[in-house]
Amino acid sequence: MKLLHGLWLALGIASTCPLANAQTVPGSMNVHWNEGATDCSKSPQPPLQVHRYNAQTYILRENPCATFEAPFMYLLIGSRRALLIDTGDVADPRLMPLAKTVMDLLPTDAGAKLPLLVVHTHGHLDHRAGDPQFRSLPRVQVVATDLAHVKQFFGFHEWPQGIAQIDLGDRIVDVLPTPGHYPSHVSYYDRNTALFFSGDFFMPGRLIIDDTASDVASARRVADFIKHRPVSYVLGGHVELDAAGDTYTWGSTYHPNEHVLQLTKQDLLGLPAMVGKFNGFYTEDGMFVMFNQFRLLAAELAAALLVLAALVAGMWRYLRRRKRARLARA
Ligand SMILES: [Zn+2]
Ligand SMILES: [Zn+2]
């Protein structure tokens, strides 16, 4: 295991600015993502859409009809190996041919596919359900998503401090701890394209924040990191807003007139201030909605119990009145 670490993590933990003179390789975000449908049975669609950002970078998205989560995944190809960030929400390869699609995109090196490292932004099932498709493939390594494994694999000794690097061969990807949405959430910065992959930590959708203090601290560390670096686009795990900034109904398989996937460096620099406004339950800020799902659930449960208690009390009072009236008539 340690040897493998040495192969993948050529540079280990570092926090200094590494790319003063690097040229950012451009790419295209000119893509229309499939919208899904209100009735998916009447409108069959390919389960997986692949967008070629540039010759070494692909964006994959699961169709809203295949899963309403419609998560995005990212494939980065270096000269010696490739990196897949997230494996989506669908396990069954017959329904979602993710591994086959990814392996077909990989170039061959001396007659064999380039080695592939499969990592994740975080451990929610909609970002790792496809893992089993990769586990038995040759020259493929899948990194687990629990905090202990994430810390160990990337060599984070002072989590959430520090920045790790993955060396793909002529392509370095920085790994930044970004807990808040999920305890072992990490974000990735590709020095080659200056793309920042933010997972569910930051995206055009509902920002679920389970640990506000960690989330604010992550937003500050990220802002600090990108301040003096180029960022071409910030790419998250989902799009849950339409172009006007309104959220789709939860569970909707139809995303008409969708907001673009990409957010900007300026958006990401504004994240510390935005999360700073979060009241711990539910806060709207511009097009973003922030909420704590556990607290909201607890509040809804408490409200439901109050309504139930009021109903029981009302019924009890009514029955008591009827009894009194009966006794008065007798
Ligand atoms: Zn998530
Ligand atoms: Zn997600």
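Quick notes on this one:
Okay, residues lined up against (1) closer than 18 Å to ASP174 by Cα; (2) within 16 Å of ligand 1 (Cβ to nearest atom); (3) in a strand (DSSP E or B):
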residue	(1), (2), (3)
ARG220	yes, no, no
PHE225	yes, no, no
VAL239	no, yes, no
THR249	no, no, no
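- Filtering segment 176-235 to residues that are at pLDDT below 95 and open to solvent by less than 10 Å² (accessible area, probe 1.4 Å) leaves only GLY205.
- Being in contact with a Leu (Cβ under 9 Å, 6 or more places away or on another chain) and either within 18 Å of PRO46 (Cα to Cα) or in contact (Cβ under 8 Å) with a residue 12 or more places away in the chain (or both) holds for only one residue in LEU125, LEU106, LEU95, and it is LEU106.
- Checking the stated criteria, ASP215 turns out not to satisfy the condition of being assigned to a helix (DSSP H, G or I), within 25 Å of ASN63 (Cβ to Cβ) and within 14 Å of ligand 1 (Cβ to nearest atom).
- For segment 94-124, residues that are surrounded by fewer than 18 Cβ atoms within 10 Å (Cβ to Cβ) and within 16 Å of ligand 2 (Cβ to nearest atom) total 1.
- Residues that are polar (S, T, N, Q), within 22 Å of SER252 (Cβ to Cβ) and either open to solvent by 40 Å² or more (accessible area, probe 1.4 Å) or outside any strand (DSSP E or B) (or both) within segment 37-69 comprise THR38, SER41, SER43, GLN45, ASN63, THR67, listed in sequence order.
- When TYR282 is tested against the conditions (1) open to solvent by 30 Å² or more (accessible area, probe 1.4 Å); (2) modelled with pLDDT of 95 or more; (3) over 17 Å from the mean Cα position of the chain (by Cα); (4) closer than 30 Å to CYS65 by Cα, the lone failure is (2).
- Filter result for ALA330 (without any contact (Cβ under 8 Å) to a residue 40 or more places away in the chain and farther than 30 Å from GLN49 by Cβ): yes
The values are calculated or read from the model by the stated rules, or taken from the named source; none is laboratory data. If you're wondering where the values come from, they're calculated on a predicted model, not measured in any experiment. When we count neighbours, we look across all protein chains shown, and the Cβ atoms used for this are built from the backbone with ideal geometry, even at glycine. Quick note on the areas: whole protein, heavy atoms, side chains included, nothing else; ligands and nucleic acids left out. Shrake-Rupley method; radii C 1.70, N 1.55, O 1.52, S 1.80 Å.
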